[in-house]
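Read the figures in this text as sums done on the coordinates, not as results from a lab. On a predicted model such as this, the values are computed, not experimentally measured, just so you know. Cβ coordinates were reconstructed from backbone atoms using ideal geometry, including for glycine residues, and neighbour counts include every protein chain displayed.
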4 protein chains.
Amino acid sequence: MVHSIPPMREGLILKLSCPDKPGLVARIASYASEYQANLVEFNQFTDREKGTFYARLEIDTSGLEIPLDDFKAGFEVLGRSLGAHWHFRHLPYRMRTAVLVTRTDHCLNEILWRATLGEMPVEITSVIGNREDCREIAEKAGLPFHFIEMKEDKESGFREIDAILEAEDVQLVVLARFMQIMPPWMCEKFAGRMINIHHSFLPAFIGANPYRQAYERGVKLIGATCHYVTSELDCGPIIEQEVERVHHHHSVMDLVRLGRDCERSAIARGIRYHVQDRIIIDGVRAIVFPD
Amino acid sequence: MVHSIPPMREGLILKLSCPDKPGLVARIASYASEYQANLVEFNQFTDREKGTFYARLEIDTSGLEIPLDDFKAGFEVLGRSLGAHWHFRHLPYRMRTAVLVTRTDHCLNEILWRATLGEMPVEITSVIGNREDCREIAEKAGLPFHFIEMKEDKESGFREIDAILEAEDVQLVVLARFMQIMPPWMCEKFAGRMINIHHSFLPAFIGANPYRQAYERGVKLIGATCHYVTSELDCGPIIEQEVERVHHHHSVMDLVRLGRDCERSAIARGIRYHVQDRIIIDGVRAIVFPD
Amino acid sequence: MVHSIPPMREGLILKLSCPDKPGLVARIASYASEYQANLVEFNQFTDREKGTFYARLEIDTSGLEIPLDDFKAGFEVLGRSLGAHWHFRHLPYRMRTAVLVTRTDHCLNEILWRATLGEMPVEITSVIGNREDCREIAEKAGLPFHFIEMKEDKESGFREIDAILEAEDVQLVVLARFMQIMPPWMCEKFAGRMINIHHSFLPAFIGANPYRQAYERGVKLIGATCHYVTSELDCGPIIEQEVERVHHHHSVMDLVRLGRDCERSAIARGIRYHVQDRIIIDGVRAIVFPD
Amino acid sequence: MVHSIPPMREGLILKLSCPDKPGLVARIASYASEYQANLVEFNQFTDREKGTFYARLEIDTSGLEIPLDDFKAGFEVLGRSLGAHWHFRHLPYRMRTAVLVTRTDHCLNEILWRATLGEMPVEITSVIGNREDCREIAEKAGLPFHFIEMKEDKESGFREIDAILEAEDVQLVVLARFMQIMPPWMCEKFAGRMINIHHSFLPAFIGANPYRQAYERGVKLIGATCHYVTSELDCGPIIEQEVERVHHHHSVMDLVRLGRDCERSAIARGIRYHVQDRIIIDGVRAIVFPD
């Protein structure tokens, strides 16, 4: 069907963090307005405990009086003087995203549906699975499906995956119920660019079989957590969490069923925030400016 | 008990709305930084349909290089040139607030509790009731209670209430389940300064007995709505809404009980946003910058 | 992919309503146990205002000592003596369900996904659309798609739809964002067997463009309502409702996007309850025994 | 103020658990109906994994044909033959409840308010604090306040508390932010009769300073857990949980503030379910039949 999504405006997204001091908003906004760049959205947050300033600017550059590259180059002087880390992204764009799966398909389904709908600026490059279960869904959606066998020595499998990600020029890796533990070198290589959905309300129930754990503990709410992958299992910066109420009469299988809805919802919003460049990672925490 | 609430910083809150155009953030932030006023929090929103820009700035003026009054006076030139409406409020402050009640006391209780806790910068001036039911609660909290008899001719009662509000220099009037319809002249006089809690999820179930209405309609969620009072019944700008799930086995009295929690929650947040100056009213809509 | 859903047990679902009087649970449960039928699940509710008793029994008949038909026939004597309405359904079963659509496909997608997953005992017979937009989705899922042109005289279109429903022996009709008003004769014919998703939190925003209405009213929560279709527009018994928090910065298009998630969630649960025979309709209210 | 709460009916609550087998509902319900006792509410749950049947019956005994004590005595034969554990409670009743506190008063406030409102059948016997902070609130509510000094050797303090609980014939002990770890002998003595509110979403953040822990982990939802106290810290059966969404800009103090609302809500519902005899404890899990 035809989805009439409003086209992304031409422009820039600027994300920045730097030591806090007076006048930061004025200096950054003034630089933009100096050259007739218009702020479409401005989000800012100061972490008082750490003394750090974070900002995200969505900039309409249609009236810009200088070349875009000059505008970005000129910002370097300001950025350096503030001791900032910053990043520009050109609008419009679609982030090249690979989805890794094992058996279950509900997260994959959700991602494909939202990508098709144009709800978020992604381009799914391919689906990579260490089982064949999701091939049909991927191929029906017109996407390449790569089967990777994870043998005893898993290293070769991960090397293969990495090669695909390289070949497809992937910017974001989504672990959509991919049931393999990423090796440290991949966590490092894709730091801040690899998102996982954990099927529990972290930090409760880290590791395997969280729904069984939740059932045995008799919790009254179950949840799902979307987070960046780091080499410490299920401990990366949390992007989004979702919960659902459960009752004593729900079996482990019911928890799995109800949890699926949490997972779909949390991973969809997590990806959305990331590909819209709405997240600044700061150590173990994620600063998220939601839309 | 002793509550250790962090003291409000000295400073200003500036709320502003004006026709949108490029460079607004830069011009406003630069004015502040020019005189060493530091932006502690900056919220901005552009309504593209209407072409209107809204902003709220929390400004630390401890390092200000000029007198506060000069700072405000100087802003006038900028504000007028932008065609803006704006408002400055000095920090710290406590907003003088009167609470109007009839019989039920749960909203009153909630407000008194949060005021005592120092959760929001209010000073409750008195409780005004058209019945005696809430006198005890008010007086136990050390507050004056004014009983106002609403006779056949209600006008004299409202004149009395108005006289109290004048005498106590009240800045905010909260209708905490006050079961009388405010006359148009009071709605007008306290426009944007009178908050009501309606015990339904507006715009459903306007008017009397919303829980009975909800029961008979067989809804699966009930709610409460905190809104500004206007002369059109239950149609003023909505500040906050809350819902609770209900089931077929809940009687009307159960809905009343469950609804109380929605009401307490919605009115508490509504007052909080108002007294923190986080709301800009724009026609029938309320722009709320939540904390 | 392979979904390992636990097989439905063999047995019966009995739904019953009758005037309340003492001993009903004992008499009904005793009848079952008399012939070694085992109650797997027993839900009961007494509406005191109306003096009506409602019950739903899930019965394991694997140990039944008499033929199933005798068991049901024998119940008639008891049922009549209680002045009851009742209904038996044989387990396992899959309810033959047709989905009617117009342009938007998110509800259809959700239904197909959950049907595939085996989350609920449905068999989708076909998708019927008054536009071609959803044909591709239906056909990719291996389902017939019937295009029905709704001409000036809509009656012929509805006759066509009815003919398909008859031909396919449809037990449940789901209006999954079907943007045509059902004629009274169809509402009557499919009373209690036709489910609609309304894209607002009923009874607020009845009729067309509820998201635009919600935007203009400035609500802070939007919702969706799954209800049975009756000849009075959007006024049938409510099965399920869902809400989502929204903010002033959300455009009408954002509300549409956020509302989609409410709609998917509400229609999925609504269908689930219906096809699991968990609903007893009582006038304008739906008694729902959720799982 | 006057609260018009419907009077509890005269009657019995029967809670029962036993090994599952066919015909249980019939046998239990038939026993009641045999003597003209009427089931007002019947809840049942079968744990298939464990093969255990749980039931709660609310019984109107106004038409009972035999003395109440005979009715209960007669049930013993049935109960024993089923290998059941069961418990009868006479209606109406008010459960004698002591509230233990330290400094913070929001949970105490909530409990007192709901008790006053008649929302649940409790009678608060006294407030016991190991600090003086909550004395004023207790005394304003007309309740005795016992100050217990917890010295180096805490044992004497706990003996004192126990003596008060004995003297006041307390049936339920509520730890409403009581910041002392209960000794094993008290946990055992009050097993299934002592409720705690833990200020996190258990099993995450066990132990001290959960809000600081939550802040540092950067979670996006915080919560509170109402559970029975056992000798293993924060590991007893969970009765109720509540969550609230938080953002990166919330400080630890904001989490504390937002968490208070979760705590109030979770402890209020937890107490409600317990005093209405709606909970059957089964090992580490709590079977809760909510109203």
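Distance to the B-onto-D rotation axis is smallest for one chain B Cβ; residue and value in angstrom are B:K140, 3. Relative contact order of segment B:11-91: 47 percent, from C-alpha pairs under 8 Å at least 6 residues apart in sequence. About the centre of its Cα atoms, the protein assembly as shown shows a dipole size close to 0 debye [charges on the beta carbon of Lys, Arg (+1) and Asp, Glu (-1) only; nearest 20 debye]. Modelled spin-label separation between B:E155 and D:V77, with each label point placed 7 Å from Cα along the Cα-to-Cβ direction: 7.9 nm. Relative to one another, the C-alpha centroids of segment B:196-214 and segment C:258-284 are positioned 24 Å apart.
What's the extension gain from C:R131 to C:R48 if we count 0.36 nm per residue and subtract their Cα-Cα distance? Please list the in-between numbers first.
Values: separation 83, 0.36 × 83 = 29.88 nm, distance 4.71 nm.
That works out to 25.2 nm of additional length.
Just so you know, the averaged projected area of the alpha carbon convex hull for chain A sits at 17.4 nm². Restricting attention to the protein assembly as shown, close to 70% of DSSP beta bridges with both partner residues there are antiparallel. Helices that extend 24 Å or more along their long axis by alpha-carbon positions and average at least -1.0 on the Kyte-Doolittle scale are, among the DSSP H runs of chain D, D:252-275. Which of rounded, prolate or oblate describes segment A:177-245 when judged by the alpha-carbon gyration tensor and an a/c cut-off of 1.5? Taking the square roots of the gyration eigenvalues as a ≥ b ≥ c, segment A:177-245 is prolate. Each of A:R89, C:R27, B:R56 was scored by other Cβ atoms within 10 Å of its Cβ. Arranged with the fewest first, they read A:R89, C:R27, B:R56. Near the amide H of A:S126, within less than 5 Å, lie the amide hydrogens of A:V99, all on another chain or at least 5 residues away, with H placed in the peptide plane. Sequentially through segment A:46-55, phi angles give Karplus couplings (6.51, -1.76, 1.60; θ = phi - 60°) of 10, 8, 5, 4, 9, x, 10, 9, 10, 9 Hz, Gly and Pro residues having no value and appearing as x.
Can you give the Kirkwood hydrodynamic radius of segment D:92-146 from its Cα pairs, in Å with one decimal? After inverting the mean inverse Cα-Cα distance, the result is 11.2 Å.
Using C-alpha pairs below 8 Å separated by at least 6 residues, the relative contact order for segment C:67-124 is 33 percent. Listed by Cβ neighbour count within 10 Å, with the fewest neighbours leading, B:M95, C:M179 appear as C:M179, B:M95. The mean number of Cβ atoms from other chains found within 10 Å of a Cβ in peptide B:219-225 is 6, as a whole number. Taken about its Cα centre, segment C:11-91 carries a charge dipole of roughly 320 debye when the Cβ of each Lys and Arg holds +1 and the Cβ of each Asp and Glu holds -1. Over all distinct Cα-Cα pairs of the protein assembly as shown, the Kirkwood formula returns a hydrodynamic radius of 32.4 Å.
Taking amide H atoms as placed 1.01 Å from N in the peptide plane, the amide H of D:G11 lies under 5 Å from those of D:T61, D:L91, each 5 or more residues away in sequence or on another chain. Simple point charges give the picture: +1 on the Cβ of Lys and Arg, -1 on the Cβ of Asp and Glu, and for segment B:208-291 a dipole about the Cα centre of about 240 debye. Counting from the shortest, the label point at D:A191, 7 Å from Cα toward Cβ, is 5.1, 5.7, 6.8 nm from the same position in each remaining copy. Taking label points 7 Å from Cα along the Cα-to-Cβ direction, A:R94 and C:H247 give a separation of 2.8 nm.
Centre-to-centre, using Cα atoms only, segment C:43-116 and segment D:64-83 are separated by 34 Å.
Write down the percent of antiparallel bridges among all DSSP beta bridges whose residues are both part of chain C, to the nearest 5.
About 70 percent, rounded to the nearest 5.
Among the lysines in chain C, how many pairs, 8 or more places apart or on different chains, have alpha carbons under 30 Å apart? The result is 12. In this simple spin-label model, placing a label point 7 Å from the Cα along the Cα-to-Cβ direction at both D:M179 and A:E232 gives a separation of 2.7 nm. Distances from A:E76 to the same residue in each other copy, label points 7 Å out along Cα→Cβ, in nm, shortest first? Here A:E76 shows inter-copy label distances of 4.7, 9.1, 9.2 nm.
Each copy carries C:E160; placing its label point 7 Å along the C-beta direction from Cα gives inter-copy distances of 5.0, 7.1, 8.5 nm, listed from smallest up. Pick from A:T46, A:T104, A:T116: which residue has the top mean-square fluctuation in a GNM of chain A where Cα pairs under 10 Å get a spring? In this elastic network of chain A, the residue with the biggest mean-square fluctuation among A:T46, A:T104, A:T116 is A:T46. Taking amide H atoms as placed 1.01 Å from N in the peptide plane, the amide H of C:S200 lies under 5 Å from those of C:T225, each 5 or more residues away in sequence or on another chain.
Exposure proxy for C:S126, D:S17: other Cβ atoms within 10 Å of each Cβ, ordered fewest to most, give C:S126, D:S17.
Legend: mean number of C-beta atoms from other chains within 10 angstrom of residue C-beta atoms, peptide B:24-35, equals 6. With a/c under 1.5 counting as rounded, go ahead and sort segment A:15-103 into rounded, prolate or oblate using the C-alpha gyration tensor (a ≥ b ≥ c being the square roots of the eigenvalues; past the cut-off, prolate if a/b is larger than b/c, else oblate). Since a/c reaches 1.5 but b/c is at least a/b, the shape of segment A:15-103 is classed as oblate.
Counting, for every residue in D:198-207, the Cβ atoms of other protein chains within 10 Å of its Cβ and taking the mean gives 3. Normalising the average separation of contacting C-alpha pairs (under 8 angstrom, six or more residues apart) by the number of residues puts the relative contact order of chain A at 14 percent.
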